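Report on the structure given below.
No value in this document is a laboratory result; all are computed from the given coordinates. Being a predicted model, the structure only gives us computed values, none of them experimental. Note that each Cβ is placed from the backbone with ideal geometry, even for glycine, and that neighbours are counted across all protein chains shown.
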Ligand code: FES
Ligand code: FES
């Protein structure tokens, strides 16, 4: 069944119709062509699909698009501004925190959610924030270092 929804994605208003069973992850990728949000497991385990929902990181494969009606969504495409990488993206790049890149959008959004709430996160905070995001390549050390560096640069 089609339902009307209005929501804000990366600061832009969107209104349209969506199947009530469409996952937010699929709506973002297929409906809005925001393919930076990756899908991996689609059962809430890998975190590749993480976006911010009203400022809080959520796995977008675990919610229906209609549940986000009236709300504010930020995807990885919303991080860079005026063609300038966000400090988190810069830090991931400089710290070799990206290998295949499949987990990266989800890692960035979990880290972004953390830094929006805590500008001086401890290593434990960082590890907890990305604990729902799996990476098969990096071993996590460089990712934690990158988030620490971004936090310092954003002060
Ligand atoms: S695709 Fe959503 S958690 Fe894996
Ligand atoms: S960089 Fe490959 S899964 Fe994380």
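Quick check: residue separation of residue 153 and residue 117 times 0.36 nm, minus the Cα distance between them. What number comes out in nm?
11.4 nm
Quick check for you: which residues of the range 21-50 have the amide N under 16 Å from the point 7 Å beyond the Cα of residue 56 toward its beta carbon?
Within reach of a label on residue 56, which here means backbone N under 16 Å from a point 7 Å along Cα→Cβ, the range 21-50 contributes 50.
Spin-label point model (7 Å from Cα, Cβ direction): what's the residue 124 to residue 99 distance in nm?
For the pair residue 124/residue 99, the computed spacing is 2.9 nm.
Would you look at the GNM of the chain, springs on alpha carbons closer than 10 Å, and say which of 137, 103, 46 moves the most?
137
Let me have the relative contact order for the range 85-155, percent, based on Cα pairs under 8 Å that are six or more residues apart.
Dividing the mean separation by the residue count of the range 85-155 yields 51 percent.
Please give the calculated 222 nm ellipticity per residue for the chain, where each DSSP H segment of at least 4 residues contributes -39500 (n - 2.57) and the sum is spread over every residue; nearest 500 deg cm²/dmol?
-8000 deg cm²/dmol
Please report 155, 120, 59, 3 as a ranked list, fewest other C-beta atoms within 10 angstrom at the top and most at the bottom.
Exposure proxy ranking, most exposed first: 155, 120, 3, 59.
Express in nm, to one decimal, how much length is gained between residue 6 and residue 90 on full extension, taking 0.36 nm for each residue of separation and deducting their alpha carbon distance.
27.0 nm
Take the alpha carbon atoms of the range 1-35, find their center, do the same for the range 113-132, and report the distance between the two centers in whole angstrom.
The two parts, judged by their Cα centres, are 28 Å apart.
Most exposed first by the Cβ proxy, i.e. fewest other Cβ within 10 Å, how do 75, 122 rank?
So the residues, fewest neighbours to most, are 122, 75.
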